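A short worksheet on the structure shown next.
Bear in mind these aren't lab numbers, they're just calculated from the coordinates by the rules spelled out. As the structure is a computational prediction, the values presented were derived from the model and not from experiment. Cβ placement follows ideal geometry from the backbone for every residue including glycine, while neighbour counts extend to all protein chains displayed.
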Amino acid sequence: MFVGAGNRAGKYLSWVENHPERAVAVGVADVDAHRREEFAARAGIGSGGVFDSAEALFASGIEADAAVVCTPEGAHFAPAMEALACGMDILLEKPVSPSLEECRIVEAEAIRLGRVAGVCHVLRYHPYFSALRSLISSGELGRPVSVTHRVRVGVDRACHTFVRGPWGETSATSPVILSKCCHDVDILLWMLGEKAERVESVGGRGWFRLENKPQKASDRCVDCPIERECRFSAVDLYRRRGEWTGGFTYPTPAEAVEHELREGRYGRCVYDCDNDAADRQMLIMETESGVVVSLAMDFFTADDSRHTSVTLTGGEITGDGKKIIVAPFRGPERVIDFTDIVAQPFHAGADMALIDDFVSAVGSRNHRMRSGISDAIESHRVCLEAEKSRLSGGCRTKPA
């Protein structure tokens, strides 16, 4: 059964649709009537399996082997615990929770009950990142010394999600270093096969603030006299370019866009929202073996991508998300090209590989998921410790 019927749930449903011999959707819950009815129609779920809340779904008595929880991150804990209490295995969207205590409670309960608890850290299944991990762990270039990883959020994604969108208000969701970057921290620690011993972080919200709002700007882009001059225009993003409109569907996409521009949260001036999310942040951690890892998250980039550089005792490995360059200190360098692979849908097949892995674990207790909750908690811990560090001023030194 599915708790939440949004974009992520729809992707995992695609796998179910293509593997009817291995899984079938028997129930769905979502607060949005249009979304849950559309999901149910697609999945072939009858009216008796459609609910407006997770509580009603679990109280229905519908038998299921597993629950896929794709609600907003602050609403993962309760349905996860309910599903476990009903004897189900669980797959949770990331992050598991903005509370480390809740993460650990879910983990402990799953272990106590002998249930599978997976987390949707899909990058562990991505061909590009799997190749990076294999190159590091092979020892071909010696031992890792340092890792530099840059998360280029992309200004369009940032404005849509972390300024105008719900994730801009961290008290209602989670800090951006967790919501956006727990993927990245997880993949970095997974590639190194280590845990973090020390964490520091600095950063903040520097630009999308009321004091930076142009004097002539309006509260809404649709009424703004300088809208066509603004790089962050919602009118340009949604109406003219038609980007980031996947969630604007009812009653029609065009009507939904106009509603958002004139009345919804996505039509607001970026300088005058209720956002407090950091728009740039640096996280530095040291692993158990002494590898120094730096992660830089930045809203102000033209594209949405990840760049990674790993120095090792025998050479260097760099990647831009499409190509990996392996450069030994002695010998020729080589390039591994993933351009065609990463262009494939569903995170180059990683989404499908993850749900396949979960269903395999549900079907056989001898199968261990690549992204179980016990592995995921370390990245959540690091991100939450980083946010504490950032809010307390990080590591400060006085000028000489």
Out of T249, S289, A217, whose Cα points farthest toward the positive end of the dipole of the chain (charges: +1 Lys, Arg; -1 Asp, Glu; placed on Cβ)? S289
Rank by packing, highest mean first: peptides 60-69, 159-168, with packing defined as the count of other Cβ atoms within 10 Å averaged across residues. 159-168, 60-69
What is the packing order of peptides 177-190, 80-93, 101-114, taking the mean over residues of other C-beta atoms within 10 Å and listing the highest first? 177-190, 80-93, 101-114
Using the Kirkwood formula over every pair of different C-alpha atoms, what hydrodynamic radius in Å results for region 127-262? 18.3
Quick check: the distance between the Cα centres of region 154-175 and region 87-118, to the nearest angstrom? 25
From fewest to most C-beta neighbours within 10 Å, the residues I341, I45 line up as I341, I45
Gyration tensor on Cα atoms of the chain, a ≥ b ≥ c root eigenvalues, a/c under 1.5 rounded, else prolate if a/b beats b/c, else oblate, says oblate
Report the rotationally averaged projected area of region 64-202 based on its alpha-carbon convex hull, in square nanometres. 10.5
For the chain, with a Gaussian network of springs between Cα atoms less than 10 Å apart, report the residue from T173, T308, T339 with the top mean-square fluctuation. T339
Helix-only estimate, please: 222 nm mean residue ellipticity of the chain, summing -39500 (n - 2.57) across DSSP H runs of length 4 or more and dividing by its residues, to the nearest 500. -9500 deg cm²/dmol
J(HN,Hα) series, region 319-326, from Karplus relation 6.51 cos²θ - 1.76 cosθ + 1.60, nearest Hz, glycine and proline x: x, 10, x, 10, 10, 10, 10, 9
Across every pair of different alpha-carbon atoms, what Kirkwood hydrodynamic radius in Å does region 263-312 reach? 14.3
Let me know the whole percent of all Cα-Cα pairs from region 210-267 that are separated by more than 16 Å. 40
Reach of K323 by Cα under 29 Å, taken over lysines that are not fewer than 8 positions away in the same chain: K11, K94, K180, K195
Residues H347, H19 arranged by fewest to most Cβ contacts within 10 Å: H19, H347
Sort the following peptides by mean Cβ neighbour count (other Cβ atoms within 10 Å, averaged over residues), highest first: 204-211, 351-358. 351-358, 204-211
Under the definition of Cα pairs under 8 Å and six or more residues apart, what whole-number percent is the relative contact order of the chain? 21
Need the C-alpha centroid separation for region 3-54 versus region 307-335, integer Å. 43
Extent along principal axes [Cα atoms of region 2-120; Å; largest to smallest]: 37, 28, 25
